[in-house]
Amino acid sequence: MTSMDKDGTKSGYDCALYQAICAAVSVPVIASGGAGNEADIVEVFQTTPVTAALAASIFHYGELSIAQTKQTLAKAGIPVRL
């Protein structure tokens, strides 16, 4: 589920939207749109029941590495494949 209001803004995920969507459907939900830093990715997992989160710009432009982000998620207690 892409939040078009947040997509490309790097201002954080629309956690309220993902909370509402997850409550309304019985299928896995992938959060997309708004990731600006590692804290945003940790927050979406800690505050919503999303199955996964997508981030693009922060990786494409070299602002973060995938390996670094996975380490941060693991330290926050969020299951990841390392």
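Here A20 fulfils each of the conditions (1) surrounded by fewer than 16 Cβ atoms within 10 Å (Cβ to Cβ); (2) at pLDDT 95 or above; (3) not in a helix (DSSP H, G or I) apart from (3). Of all residues in segment 34-41, at least one satisfies being assigned to a helix (DSSP H, G or I), surrounded by 12 or more Cβ atoms within 10 Å (Cβ to Cβ) and in contact with a Gly (Cβ under 6 Å, 6 or more places away or on another chain). On the stretch given as segment 48-63, residues that are more than 16 Å from S32 (Cβ to Cβ) and not charged (D, E, K, R) total 2. Applying the condition of being over 19 Å from A76 (Cβ atoms) and outside any helix (DSSP H, G or I) to segment 42-61 and asking which residue is farthest from the chain's Cα centre (by Cα) yields Y61.
Among residues of segment 62-79 being in contact (Cβ under 8 Å) with a residue 24 or more places away in the chain and either more than 20 Å from T2 (Cβ to Cβ) or under 13 Å from the mean Cα position of the chain (by Cα) (or both), the one that is surrounded by the fewest Cβ atoms within 10 Å (Cβ to Cβ) is Q68.
The values are calculated or read from the model by the stated rules, or taken from the named source; none is laboratory data. Because the structure is predicted, anything quoted here is derived from the model rather than measured. Reconstructed Cβ throughout: ideal geometry from the backbone, glycine too, with neighbour counts over all protein chains shown.
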